[in-house]
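Written below as structure tokens is the structure these notes are about.
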Amino acid sequence: MSTTPTSAGDLALPITDPGLERRLKVQLARVEELLARHASSRSTFVTEAARHLLEAGGKRFRPLLVLLAAEAGPNPDAEEVRTAACVVELTHLASLYHDDVMDEALVRRGADSANVRWDNHVAILTGDFLFARSSELTAELGRDAVRIQSKTFAQLVEGQILEGIDPEPGVDPVDHHLEVVAGKTGALIATSALYGARFAGASPEIERALTAYGDIVGTAFQLSDDILDIASETGESGKTPGTDLREGVPTLPVLLAKRSTDPADARLLELLESDLATDDAAHAECLALLRAHPAMDEARRYVVGRAHQAKDLLTALPAGPVRDALEAFADVVAVRTS
Ligand code: FPP
Ligand code: MG
């Protein structure tokens, strides 16, 4: 199990332009200070719980996207840009505390999840605390930001609720799943791009393009994460592989495999219908069959296709290092190894 997820000093993104890389690192370090400051309480215990996952690592994809999108505007150094970067990471962090309780996850960012380190009560309330901090900070960004943040939060929660229920009659399970993913992950990543563009003063056209880009990249990010949950054998993701399967959470490769009418898939389909939460042997067999199934490549192709769509939207930006970095961001997200 990897215990060294990306540190804040490294960018989880290949940037070829040294000037842009330097600017992003300086900005991200300032965001990191803000995060530590806002994830703190007058209570030592609450501060420890709130900083637990923050200090465990993480790729800081969302703040990085805020900072990168801001580079498409005339004022990338605006204080509001860093505040917005802090807001999206705190919101994300809050959701992880809750998510790990719901998933009964043991490991997050290579560390014990908060529910394991303490208990479900502490994990849920710490998520609430971080979300409150994020909301307080959003108020500094003005009324529109509060409205955007509220809408985003609702989408996040709706996506998470929809994940646990069956599609409505007549709705294809894959389409239902894509709606879930767009809500629970796409929405906050779209908002990250929107905040960056807006608070750096980018034009409405660029703001629209980057928001649409963020929405697609965010969806691809989650789909890629789900593929990794199946494909990863070593826990390089900083999480326990096979968790979705064990918890019966539907993901794209599983839903695509379930479409199969090939008799050779009978055993896999039977296992997918069984309770994999308690039977370790069945879980291991199912994971092995799924890893070797063509649905994995089909899912990977779908994600790469989405990344291409996202990159096409970037033609609204002038060619140059910022556009190149946003293209690289879409590529990194589509083909994740951690
Ligand atoms: C990770 O999904 C979960 C999310 C992206 C969103 C979860 C949203 C909530 C729990 C709503 C509550 C939110 C707040 C802000 C208090 P996953 O389990 O597929 O990903 P994982 O592999 O990283 O666990
Ligand atoms: Mg989870």
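Throughout, read-outs are computed from the coordinates displayed, never taken from laboratory work. Owing to the predicted nature of the structure, the values given are computational and were not obtained by experimental measurement. As a convention, Cβ positions derive from the backbone with ideal geometry for all residues, glycine included, and neighbour counts pool all protein chains shown.
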(message) What is the angle, in °, between the Cα long axis of helix 79-103 and the longest principal axis of the Cα atoms in the chain? Nearest 10 is fine, range 0 to 90.
(response) 20
(request) May I ask you to derive the FRET efficiency for Lys25 and Lys258 from their Cβ-Cβ distance with R0 = 35 Å, giving the value to the nearest 0.05? (result) 0.20
(request) Would you mind checking the tilt of helix 143-163 against the longest principal axis of the Cα atoms of the chain, expressed as 0 to 90 degrees and rounded to 10? (result) 10
(request) Would you kindly give the portion of the calculated P(r) for region 257-338 that falls above 22 Å, as a percent of all Cα pairs? (result) 47
(message) Could you compute Rg(Cα) / (2.2 N^0.38 Å) for the chain, with N its residue count?
(response) 0.98
(message) If I fit a long axis through the Cα atoms of helix 187-199 and take the longest principal axis of the Cα atoms of the chain, what angle between them do I get, 0 to 90°, rounded to 10?
(response) 10
(request) Estimate the FRET efficiency between Ala282 and Ala319 by the formula 1/(1 + (r/R0)^6), using the beta-carbon distance for r and 41 Å for R0, to the nearest 0.05. (result) 0.20
(request) Pop the C-beta distance of Ala154 and Thr44 into the FRET formula with R0 = 51 Å and round what comes out to the nearest 0.05. (result) 0.95
(message) Sort 106-114, 152-160 by the packing proxy (mean of other Cβ within 10 Å over each peptide's residues), most packed first.
(response) 106-114, 152-160
(message) Compute a Gaussian network model of the chain, connecting alpha carbons closer than 10 Å, and tell me which residue from Thr251, Thr47, Thr315 fluctuates the most.
(response) Thr315
(request) For region 56-209, just say rounded, prolate or oblate: build the C-alpha gyration tensor, square-root its eigenvalues into a ≥ b ≥ c, call rounded for a/c under 1.5, and beyond that prolate if a/b exceeds b/c, oblate if not. (result) oblate
(request) For Arg267 and Arg291, calculate 0.36 nm times their separation in residues minus their Cα-Cα distance, and state this gained length in nm to one decimal. (result) 7.3 nm
